[in-house]
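First comes the structure, then the notes that go with it.
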Amino acid sequence: MVSKHIDHIADIIGQDFINNVDNLMTHMATIMYQRQADYGAGNINNAYGGALNGVVVRMGDKYERIKNLLTINADPQGERITDSFIDLANYCVIALMLLNNTWPTNGGQPCQKDTTNVIPRNVAELTQ
């Protein structure tokens, strides 16, 4: 995925680490694409209090679920704890897309103020 941009640090962090991160990110992206196909942009864009508030609420729900399951050491019902961590990470991606004005809109209407370039759009910008 992004490995070609970080070849110079592979000796430091190890290629296995890079491959594991790439595999996890690819898996998380696949889930994001599937969920986006199921939900569409409206579930985020039409959230009470605004799109970003909706994401923060969902992140809070996932965090509380994870915290509760770890505290009571219970077997999750219906969703593995790893699924909750993936959802939480994907909500972070959605929040970043909202802040970067790259999250899809409803009917062409912007769902956030124009905050273009708040977040680097690609790995090359991160390494400059």
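Across the stretch 64-108, what is the total count of residues that are closer than 19 Å to Q34 by Cα and part of a loop (DSSP other than H, G, I, E, B)?
Count: 7.
Of all residues in the stretch 67-93, which are among the hydrophobic types (A, V, I, L, M, F, W, C) and at pLDDT below 95?
L69, L70, I72, A74, I81
Tell me, which residue of the stretch 22-35 that is touching a residue at least 12 places away in the same chain (Cβ under 8 Å) and not charged (D, E, K, R) is nearest to V56 (Cα to Cα)?
M32
Output the number of residues of the stretch 28-52 satisfying the condition of being of a type outside the set (D, E), loosely packed, with under 12 Cβ neighbours inside 10 Å and within 16 Å of D87 (Cα to Cα).
Of the residues in that region, 5 qualify.
The values are calculated or read from the model by the stated rules, or taken from the named source; none is laboratory data. Everything numeric in this text was worked out from a predicted model, so none of it was measured. Here Cβ is always computed from backbone atoms with ideal geometry, including for glycine, and neighbour counts include all displayed protein chains.
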